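Enquirer: A single structure is presented below for examination.
Laboratory data are not the source of any read-out in this text; all were calculated from the coordinates shown. What you see is a predicted model; the values in this text were computed from it and never measured. Please note: Cβ atoms are built from the backbone with ideal geometry, for glycine as well, and neighbour counts cover all protein chains shown.
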Amino acid sequence: MNVHAILAIYKFEMARTFRTVWQSIVSPVISTSLYFVVFGAAIGSRITEIEGVAYGAFIVPGLIMLTLLTQSTMNASFGIYFPRFTGTIYEILSAPVSAFEIACGYVGAAATKSIILGLIILATSWLFVPIQIAHPLWMIGFLVLTAVTFSLLGFIIGIWADGFEQLQIVPMLIIMPLTFLGGTFYSTHVLPPLWQKIALLNPVVYLVSGFRWSFFEVADVSPAISLGMTLVFLVACLAIIWWIFRTGYRLKK
């Protein structure tokens, strides 16, 4: 494995993040804080608890997951699309660097950015409500696994996209709505029985539920099922990326 190549790509992407720290770090944290203030104050005044957890604390895992999913996808998609847009991707492809090493560099940087954001938002939430993490190792593990998985998805989107507008389609029009409908601000147990079954078709439900369990031991579905669904999605993304480099899809003209 060419570790130097992976680190070169990784450091370049991380340096770009710190050059645009207001856009990459500060802006998402402020946006999530506003979600917390608006939903926590407006709805929290009417709903004091959900399944024995104060509403303000209950929505924290969902808000972290909302940021994690969107930022992982957007960071990774832009990271690989920009070299395609400028033509520098061909320099990377002609270098003695494997597809696995290229993906590791870009996906690793995107996942790192998202994890940093998630931890900052977690620290910020303590300014608003007291939070206790019942299973910190599970929380960290699930945070990393989700960030890597959706960074892989973003990597796929960045190769598929023909323009900057297409980069926004999946994060803004698919992932964000699914996150809002996936139990970010509520438990699916409060839904009517029919809608509870329909909600299980939303893959984000499993992500939010598993992550919330690590905080409060409260979940809409079994944590084992949440972990299994995430691993299935991870393997599917890895298979697609392998096929992309195998066939040269949108990389070779």
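Enquirer: Please give the calculated 222 nm ellipticity per residue for the chain, where each DSSP H segment of at least 4 residues contributes -39500 (n - 2.57) and the sum is spread over every residue; nearest 500 deg cm²/dmol?
Expert: Dividing the helical sum by the residues of the chain leaves -24000 deg cm²/dmol.
Enquirer: In addition: Give me the distance between the Cα centres of the range 26-40 and the range 85-135, rounded to whole Å.
Expert: 21 Å
Enquirer: For the range 15-84, state which trypsin sites (Lys or Arg not before Pro) are in a DSSP loop and have at most 15 other beta carbons lying within 10 Å of their beta carbon.
Expert: ARG46
Enquirer: Evaluate 2.2 N^0.38 Å with N set to the residue count of the chain, then give the Cα radius of gyration divided by it.
Expert: Relative to the 2.2 N^0.38 Å estimate, the chain comes out at 1.04.
Enquirer: Run through the range 94-171 and list the chymotrypsin sites (Phe, Trp or Tyr not before Pro) located in a DSSP loop whose Cβ has at most 14 other Cβ atoms within 10 Å.
Expert: Qualifying residues, ordered by number: TRP126.
Enquirer: So what's the projected area for the range 187-253, the Cα convex hull averaged over all directions, in nm²?
Expert: Taking the Cα atoms of the range 187-253, their convex hull projects to 6.0 nm² on average.
Enquirer: Now a separate question. Distance in nm between label sites at THR247 and ARG84, each 7 Å beyond Cα in the beta-carbon direction?
Expert: Each label point lies 7 Å from its Cα, and together they span 1.3 nm.
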